[in-house]
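Derivation of every value follows stated rules applied to the coordinates shown; laboratory data play no part. Model, not experiment: these values are computed from the prediction. Using ideal geometry, Cβ is built from the backbone for each residue, glycine included, and neighbour counts are taken over all protein chains shown.
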Amino acid sequence: MNRRFCIGIIGRATDLNDGNISYSQLNIWGYEVCSSRLIESTDPDEFFALVRPDCRKLTVTERGPFKARARLIEVGRLYAQRRSEFLTRVIHVHNPRPGILFLTEPGAPMFFNGAELGYKDILVCGRGATYISRLSGPAEWGAIALDGDVMEALCTSRLGNNPAPVNGFRIIRPPAAALARLRSLHASAASLMETAGEPLKHIACQRRLEQMLITTMLDSINVADVRPDTMGRQHHHMIISRFLDGLDAHPAEPLNMQNLSKEIGVSSRSFRTACQEQLGVSPTQYLLLRRMQLARRALRRADPALTRVTDIATELGFWELGRFAVKYHNIFGETPSTTLKAPASASLRPRSLDYALA
């Protein structure tokens, strides 16, 4: 559907929430789109394929039953998400839209290229940013994203000479009241979508919801308290980027971590420290988990009449098949042959929706 939009700011204050919250009125006119989708899964590959079709480098770094839930909302040119996750994981993200991300409940912090995002913080991310998103424990978080041109126009109009960053990403600490208002409105929007039974059909309601979310987001990021990055963290991210490039170049070759650290140009100690900060595990643990999960994905997609477990294991560098089977069972709770024989899930096919941010 083609849509035309005009963006403008009206300086007077207007009541957008039955007398409880007042904002500067932000008008976006156009053909509105409003939709909501709930995704729940106990399989990480299925869940992330449905939420982020372009998610190619997911590694779950904790043993245990996986469970995740996401509410995805589209209102006009705004995309919102509320997510619950319960196991530690690492994702390599290429972000298609600028927006913000924040924890909706107190819990384990998230890390972006090793920088910590706590309950009092907001991640502001630009279009096209690439980063490593790491979850350190059970967490509930939310996100709001916009089309790039709209975000830039809004930030320039709203914030004047101090626009929010739209390239790369930054972690900021907004005023507590602004962040609390953002969380409250974000939760109300998700609740409205869940209880309405069907997408909002009234154009005025769609516009009001879109306006309130955008204005509250801008209020939250209009701050000067931006946490600076450190040279040490940037250096660690460079180390991990080279490490991951090496894994991509040699997906099945046995890698000696001491030799790999020399190729990267750092000491073994610095290599381990960077992995712990950026990935949450040691280099050898990450390599094992990554290849095990690649094996599981290959087994789930293979035809058991044409493929053997041995074929997939050796393609990924597991030459001692007995040890492979034992470790596989310890991590996934079933044997590789059980995975191979299980019917493939049609829901693992990627969907063409883009909700950003991690």
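Some values worked out for this structure:
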read-out: Cα pair distances of segment 230-280 binned at 5 Å [whole percent]; value: 5, 22, 33, 26, 12, 3, 1
read-out: For segment 279-319, alpha-carbon Rg and Dmax in angstrom; value: 11.7, 38
read-out: Mean Cβ count within 10 Å, highest first, over the residues of peptides 133-144, 92-103; value: 92-103, 133-144
read-out: Hits among lysines - C-alpha to C-alpha of Lys57 under 20 Å, sequence gap 8 or more where chains match; value: Lys67
read-out: Efficiency of FRET from Cβ geometry, Ala177 and Asp311, R₀ 45 Å, rounded to 0.05; value: 0.15
read-out: Ranked by how many other beta carbons lie within 10 Å on average, peptides 34-44, 298-308, 77-87 from highest; value: 77-87, 34-44, 298-308
